[in-house]
Amino acid sequence: MQIGIVGLGRMGGNIAKRLMQAKHDVFVYDIDTNVRNALGQQGAHPAETLESLADALTEHPRAIWVMLPAGKITEGMLAHLASCLAAGDILIDGGNSYYKDDIRRAAEFAKSGIRYVDVGTSGGVWGLERGYCLMIGGDKDAVDHLDPIFAALAPGRGNIPVTPGRTSHDRRVEQGYIHAGPAGAGHFVKMIHNGIEYGLMQAYAEGFDILASKNSDSLPIDQRFDLNIADIAEVWRRGSVVTSWLLDLSAAALAKDPELAHFTGYVADSGEGRWTVEAAVEEAVPAEVLTAALFTRFRSRQDHNFAEKMLSAMRLGFGGHREAEAPQQLGEIIAQRRAKGPTLVRDEGDKTA
């Protein structure tokens, strides 16, 4: 089926490629002419403007997937595209938008008959090869219409056995995608997914830090172990209870650089962890681990240990996220800001994780 894709960065470009591999007819737009033309050489239909993208879609209802950083840029893009579409058409936000924004947008677009679908998209830079886990919110008719798109992007069942007792459940989830509920539900589920991710990553990072510190001069000599952290990560991958993809990424990073010397330990957050903690407060649900993991990222921007380098290594592994600023650069920036005095900082919105 036809689909338009706006935003051809790390994930948007790979989403377009995966859909083309599944023989879908993909129309693309990006502000970077070179990027959209490169996809055109691979079989996509590049558009020079958003208006021409919408006009090129001849199947009805038309569907356009937006893959941009959450915040003002996505807000403006959706509004612009809505002005190019008609009643019955479908707008999809596949980034990491705040679920309350989805609820508001769906209601606003519904006034002109445009249907809005939010898709929490997990898979990072590996999605082209592995597929994407999709968490979808929106009305049933719109989601059902897009099922061929979701099925093509999802990883499929693979070699993972079906959980015993699953006899009358939604079979789509076994393929790697779920219609979680109405508008906002998809991004809410993805938001909690990312909050859990923070906690899992922090647990691994702290465990490896304890292992790495076992040879500390502060310990009695007979209690010091010079442990091979890379080998420990590798053996844990094979039959242990803590096996996971995050562990696979950790083992790969340690095999390449056992001291993680190429990482500073400056760990960014893209917003979903904060929103998860906010949701926990609103629902009065204790979330000590997830909250502590978020706060540790804040602390990492002041001083760094092996655990934070481990977090940076995992983020680079699954999402291609590079550290923001090296410590010496931060020191220079802080000194400059102190010299200038107080500055008003404007929030430009969260970026996709």
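The values are calculated or read from the model by the stated rules, or taken from the named source; none is laboratory data. In this text the structure is predicted, and so the values were computed from the model without any measurement. For neighbour counting, all protein chains shown are included, and Cβ atoms are generated from backbone atoms with ideal geometry for every residue, glycine included. To get the accessible areas, we keep the full protein, side chains included, count just its heavy atoms, and leave off ligands, DNA and RNA. Shrake-Rupley method; radii C 1.70, N 1.55, O 1.52, S 1.80 Å.
Side notes on the structure shown:
- For the chain, the 222 nm mean residue ellipticity estimated from helices alone, with every DSSP H stretch of n ≥ 4 adding -39500 (n - 2.57) and the total spread over all residues, rounds to -14500 deg cm²/dmol.
- Three-way shape label, the stretch 109-179, alpha-carbon gyration tensor, a/c 1.5: oblate
- Distance between the stretch 1-61 and the stretch 94-139 - C-alpha centres, whole angstrom: 18 Å
- Only protein atoms count toward the accessible area here, which uses a 1.4 Å probe; on the stretch 1-98, the carbon and sulfur part of that area reaches 52 percent.
- 17 Å Cα-Cα reach of Lys140 towards aspartates and glutamates, excluding residues that sit fewer than 8 places from it in its own chain: Asp89, Asp93, Asp102, Asp118, Asp170
- Peptides 101-110, 135-144 ordered by packing proxy, namely the average of other Cβ atoms within 10 Å per residue, highest first: 135-144, 101-110.
- Entry for Cα extents along the principal axes in Å (calculated from the structure that is shown) out of (1) 74, 61, 48; (2) 100, 59, 51; (3) 138, 98, 44: (1)
- Cα shape, the stretch 6-156, gyration tensor, a/c 1.5 rule: rounded
- Count, lysine Cα pairs under 27 Å in the stretch 1-116, 8 or more residues apart or across chains: 4
- Using alpha-carbon coordinates, inclination of helix 327-340 to the longest axis of the chain, degrees: 80 degrees
- For the chain, the longest principal axis of the alpha carbon atoms and the long axis of helix 306-319 meet at an angle near 20°.
- At a probe radius of 1.4 angstrom, the accessible area of the stretch 79-122 per residue rounds to 34 square angstrom.
- Mean separation of Cα contacts under 8 Å (6+ apart) over length of the chain, as relative contact order %: 15 percent
- Set of lysines with alpha-carbon distance to Lys309 below 23 Å, sequence-local pairs under 8 removed: Lys214, Lys256, Lys351
- For the stretch 15-54: rounded, prolate or oblate by the Cα gyration tensor [a/c cutoff 1.5]: oblate
- The stretch 142-181 versus the stretch 232-265: alpha-carbon centroid distance in Å: 30 Å
- Mean separation of Cα pairs under 8 Å and 6 or more residues apart, divided by the residue count, gives the stretch 127-240 a relative contact order of 26 percent.
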